[in-house]
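To keep things clear, I will list the structure first and then write my remarks on it.
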Amino acid sequence: MVAGGCAGLNYLLVAMVLGAYDAHTSARAWWQALVAYLGIIAFALVGNWVRVFVLVCLGHYTEMQ
């Protein structure tokens, strides 16, 4: 279960809404819109993983100071 205040969940939800808006407003075939939507979700997931990794590394190397 993911906590309600999780920044990663909020990040993903915003990306999904923006991806849906882009897919809906673009003049594309349905499969191109689907690929763009899934690509945006994948990009958001990878971006969140990078964000978490950087935060963990910062905490480790600064010894939480």
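The values are calculated or read from the model by the stated rules, or taken from the named source; none is laboratory data. Everything quoted here is computed from the prediction, not taken from an experiment. Cβ: placed from backbone, ideal geometry, glycine included. Neighbour counts: every protein chain shown. For accessibility, only protein heavy atoms count, side chains too; no ligands or nucleic acids. Shrake-Rupley method; radii C 1.70, N 1.55, O 1.52, S 1.80 Å.
Subtracting the Cα-Cα distance of ARG51 and SER26 from 0.36 nm times their residue separation leaves 6.1 nm of extension gain.
Each residue, VAL17 and GLU63, gets one label point 7 Å from its Cα in the Cβ direction; the gap between the two is 4.3 nm. On the basis of the beta-carbon distance and an R0 of 25 Å, PHE43 and CYS6 show a calculated FRET efficiency of 0.85. Rolling a 1.4 Å probe across the protein heavy atoms gives the chain an accessible surface of 81 Å² per residue. Per-atom-type breakdown for the chain gives carbon and sulfur 75% of the accessible area (1.4 Å probe, protein chains only).
For the chain, relative contact order (Cα pairs under 8 Å, six or more residues apart, normalised by length) works out to 31 percent. Gyration tensor over the Cα atoms of the chain: the corresponding equivalent ellipsoid has semi-axes (square roots of 5 times the eigenvalues, largest first) of 32, 12, 8 Å.
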